[in-house]
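K.L.:
Below is one structure. I have some questions about it.
The values are calculated or read from the model by the stated rules, or taken from the named source; none is laboratory data. Quick caveat, the model's predicted, so the values are computed rather than measured. When we count neighbours, we look across all protein chains shown, and the Cβ atoms used for this are built from the backbone with ideal geometry, even at glycine. For accessibility, only protein heavy atoms count, side chains too; no ligands or nucleic acids. Shrake-Rupley method; radii C 1.70, N 1.55, O 1.52, S 1.80 Å.
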Amino acid sequence: MSDNQKWSILQGDALKVLGTFAPNTFDAVITDPPYASGGRTQTEKNKSTARKYSSMGENAPPPFDGDAKDQRSWTRWAAEWLYEARKVCKSGAPVCMFIDWRQLPAATDALQWAGWIWRGTAVWDKGNSRPQKGRFRQQAEYIVWGSNGDMPISRPVPCLPGVFKYGNPQSRIHLTEKPLQLMRDIVKITEPGGHILDPFAGSGTTVLAAVQEGYTATGIEVTDTYAELARERIRKELACAA
Ligand SMILES: C[S@@+](CC[C@H](N)C(=O)[O-])C[C@H]1O[C@@H](n2cnc3c(N)ncnc32)[C@H](O)[C@@H]1O
């Protein structure tokens with residue numbers, strides 16, 4: 001943990017690192033895993049994430065790992081890490097997992113296989129997206145959410161919206177970085193002062209948002225470039241705010 005034990009970014013494979021935490025460590029899991037969704041064929045999926053998710057060529061943010069699984073392998077893997085994450089959460093802890101339209105059915109299957117109660121799907125409306133003649137725009141991503149067993153209505157958490165409208169961040173340091181304000185809204189599903197786990201931290205948006213909202217947070221990130229970028233970003237942002 002850094003900054004008076006408020007946050008940490010651990011570098012490693014989520015499946016391995018999750019096994020090192022004690023039961024009842026976390027009050028929520030809020031995460032944005034690799035969707036392994038870019039590309040319709042396996043050949044397209046196997047391309048570097050920098051090529052799949054950016055048209056910036058050499059100026060694109062660094063590529064990241066874990067995005068080339070086919071849907072069957074992704075679902076099995078997601079069920080495994082969701083199970084390991086649930087084992088280290090307190091009873092009643094919420095889970096929120098970002099996903100796109102292609103992997104939405106796989107994500108809700110994996111969540112339930114892992115023993116979480118699936119409670120709903122919120123929407124991130126990104127607004128601007130590529131128009132497609134004769135088709136609907138793909139302008140939303142989804143937040144599959146649920147809880148580790150019962151989730152009493154008496155929890156000290158306010159009513160939360162079901163649709164979040166935020167454009168993609170303008171200057172991204174991660175290929176699939178989420179808007180900071182979006183994550184500040186989402187973490188509020190956690191009880192005040194809780195400890196939030198993000199097993200796929202990327203550039204650290206969830207961890208930063210959590211600390212800014214008064215929580216503590218632990219992120220795990222396998223790609224060492226991003227683990228370091230996330231630590232630098234969080235330190236810098238929190239120092240500016242201090
Ligand atoms: C969709 S991105 C998260 C982006 C993040 N929400 C942000 O705003 O920057 C998913 C991240 O998970 C990481 N990842 C992939 N496989 C992983 C694994 N097995 N364990 C931990 N991290 C992993 C990737 O390196 C990538 O940075």
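K.L.:
Work out from phi, with θ = phi - 60° and the Karplus expression 6.51 cos²θ - 1.76 cosθ + 1.60, the ³J(HN,Hα) of each residue of the stretch 138-143, listed in order in whole Hz, and give x for Gly and Pro.
P.N.:
Per residue, the Karplus-derived 3J(HN,Hα) values read 8, 9, 10, 10, 10, 10 Hz.
K.L.:
Next question. How are the C-alpha pair distances of the stretch 7-241 spread across 10 Å bins, as whole percents from the shortest bin up?
P.N.:
Histogram of Cα-Cα distances, whole percents per bin: 8, 33, 40, 16, 2, 0.
K.L.:
In addition: Under 1.5 on a/c is rounded, so check that first for the stretch 1-121, then, if it is not, pick prolate when a/b is larger than b/c and oblate when it is not; a ≥ b ≥ c are the square roots of the alpha carbon gyration tensor eigenvalues.
P.N.:
Note, shape of the stretch 1-121 comes out oblate.
K.L.:
Short version: ³J(HN,Hα) in whole Hz for each residue of the stretch 88-96, in order, from phi by Karplus 6.51 cos²θ - 1.76 cosθ + 1.60 (θ = phi - 60°), x for Gly and Pro, what are they?
P.N.:
9, 9, 6, 4, x, 4, x, 10, 10
K.L.:
I'd like the distance separating the alpha-carbon centroids of the stretch 175-234 and the stretch 69-133, in whole Å.
P.N.:
The two parts, judged by their Cα centres, are 17 Å apart.
K.L.:
What does the helix-only formula give at 222 nm for the chain: each DSSP H stretch with n ≥ 4 adding -39500 (n - 2.57), the total divided by the residues, and the result rounded to the nearest 500 deg cm²/dmol?
P.N.:
Values: 8 runs with 74 residues, N = 242.
Calculated from helices alone, the mean residue ellipticity at 222 nm is -8500 deg cm²/dmol.
K.L.:
At a 1.4 Å probe radius, which order do Trp74, Trp118 fall into by accessible area, largest first?
P.N.:
Highest to lowest solvent-accessible surface, that is Trp118, Trp74.
K.L.:
Heavy atoms only, probe 1.4 Å: what % of the accessible area of the stretch 124-225 goes to carbon and sulfur, would you let me know?
P.N.:
52 percent
K.L.:
Okay, next question. Could you pull out every residue, at least 5 positions away or on a different chain, whose amide H is within less than 5 Å of the one on Phe26? Hs are placed 1.01 Å off N in the peptide plane, and Pro or chain starts have none.
P.N.:
Cys89, Lys90
K.L.:
Still on this structure, please answer the following. Give a residue-ordered list of calculated ³J(HN,Hα) values for the stretch 28-39 (Karplus: 6.51 cos²θ - 1.76 cosθ + 1.60, θ = phi - 60°; whole Hz; x for Gly, Pro).
P.N.:
Couplings: 6, 10, 10, 8, 9, x, x, 7, 6, 10, x, x Hz.
K.L.:
Straight-line reach from Lys69: which lysines fall under 18 Å, measuring Cα to Cα and dropping same-chain residues less than 8 apart?
P.N.:
Partners found: Lys45, Lys47, Lys52.
K.L.:
Here's another thing I want to ask about it. So, R0 is 25 Å and r is the distance between the beta-carbons of Ser55 and Val123; what FRET efficiency does that work out to, to 0.05?
P.N.:
After rounding to 0.05, the efficiency reads 0.50.
K.L.:
Over the stretch 15-117, with every protein chain in place, what whole percent of the accessible area is carbon and sulfur at 1.4 Å, could you tell me?
P.N.:
50 percent
K.L.:
Now a separate question. Using a 1.4 angstrom probe, figure out how much accessible area the chain has per residue, in square angstrom, rounded to the nearest whole. List each step's numbers first, then the result.
P.N.:
Details: 12090 Å² over 242 residues.
Roughly 50 Å² per residue, with all protein chains present.
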